Amino acid sequence: MRIALLADIHANLHALKAVLKDIAPTGADALVSLGDVVGYGANPAECVDLLRKLGCRGVMGNHDYYVSKDGPGIERILSEGETATNPVWAGVRHAREQLDDDQLAWLRAQEPVGGIGEDLVAHAALHDFAQWPYLRSLREARPTLELLNGRIGFFGHTHCEDMFFEEEIDNRAQPTPERLAEDRYRLPINTSIAITAGATGQPRDGDPQARWLSWDTETRTLEFHRVAYDNQAAAEAILAAGLPERSARRLLG
């Protein structure tokens, strides 16, 4: 089975369309979102509709949660003037204003953790779920690696591409990914590996290209993909929507 995984689209319709065009000729059997379809960007409704039309499976990200769930903490923050300048809460308010009931229901129905066969997908690290912990280092990833229990896990949230695994456990060497080419790997079986897919809509490693990840469960081949798109137009759309300039600048690298 060939799977295309997207993370952190963040309402960036320009990036999403470019990535889907890149995926189309690969013959992917399934499209999976690793969360944060909305937030920051100008086009949350259009991104949700496009994923729904394509039958995309997904898990809930923290921005999806803030937009689709109600609670006194979220309502209090949104009632404060900070939402005009804070990129997170300005994006949440914008998405709430743009999404209709059906679109919100689709977001609300996303589970925090999902599966692709024997593999696992989630937005943030698996421990301490309510805090949306990041996977930015092996130290941070260790609790998640233990919970994976020999499986592959795909994650978003960091907006960066990475892989975390233990090379040695209890003084015994562990099977590790085999690098086949630049950005292409063959993953071992029965080894816990946590993979962060990078961001489709807002990468944060200095390269503004949109990201997606391909995973072939038969050959156990993983590949990180980067796609150029009109990030200037996406940034201009953010400004035209009245969202913070910081959210637009982030798209430019």
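The values are calculated or read from the model by the stated rules, or taken from the named source; none is laboratory data. Since the structure is predicted, the reported quantities are computational estimates derived from the model, not experimental observations. Cβ coordinates were reconstructed from backbone atoms using ideal geometry, including for glycine residues, and neighbour counts include every protein chain displayed. All accessible areas refer to the heavy atoms of the entire protein, side chains included, with ligands and DNA or RNA removed. Shrake-Rupley method; radii C 1.70, N 1.55, O 1.52, S 1.80 Å.
Relative contact order of the chain: 24 percent, from C-alpha pairs under 8 Å at least 6 residues apart in sequence.
Sort segment 1-151 into rounded, prolate or oblate with this rule: let a ≥ b ≥ c be the square roots of the eigenvalues of the Cα gyration tensor; rounded if a/c is under 1.5, and if a/c is not under 1.5, prolate when a/b is larger than b/c, oblate otherwise. Oblate, since a/c reaches 1.5 and b/c is not below a/b.
Annotation for segment 17-33 versus segment 184-253: alpha-carbon center distance of 13 Å. In this structure, the amide hydrogen of Tyr229, modeled 1.01 Å from its nitrogen in the peptide plane, lies closer than 5 angstrom to those of Ala210, counting only residues at least 5 positions away or on a different chain.
Remark: segment 185-202, residue by residue, has Karplus-estimated 3J(HN,Hα) of 9, 10, 9, x, 8, 6, 10, 6, 9, 9, 10, 9, 8, x, 10, 5, x, 7 Hz, where x stands for each Gly or Pro and the curve is 6.51 cos²θ - 1.76 cosθ + 1.60 at θ = phi - 60°.
Here is how the number arises for the chain: DSSP H runs of 4 or more residues each give -39500 (n - 2.57), the sum is divided by the residue count, and the result at 222 nm is -9000 deg cm²/dmol. Ligands, DNA and RNA are left out, and with a 1.4 angstrom probe the accessible area of the chain is 46 Å² per residue. Note on the chain: dipole from Cβ charges, positive end direction compared against Cys160, Ala173, Ala210; the farthest Cα belongs to Ala210.
Apolar share of the accessible surface for the chain: 45 percent from carbon plus sulfur atoms, 1.4 Å probe. Candidates [x] 16.5, 46; [y] 21.5, 71; [z] 17.7, 57; which is the computed Rg and Dmax of the Cα atoms in Å? Recomputing Rg and Dmax of the Cα atoms in Å here gives the entry labelled [z].
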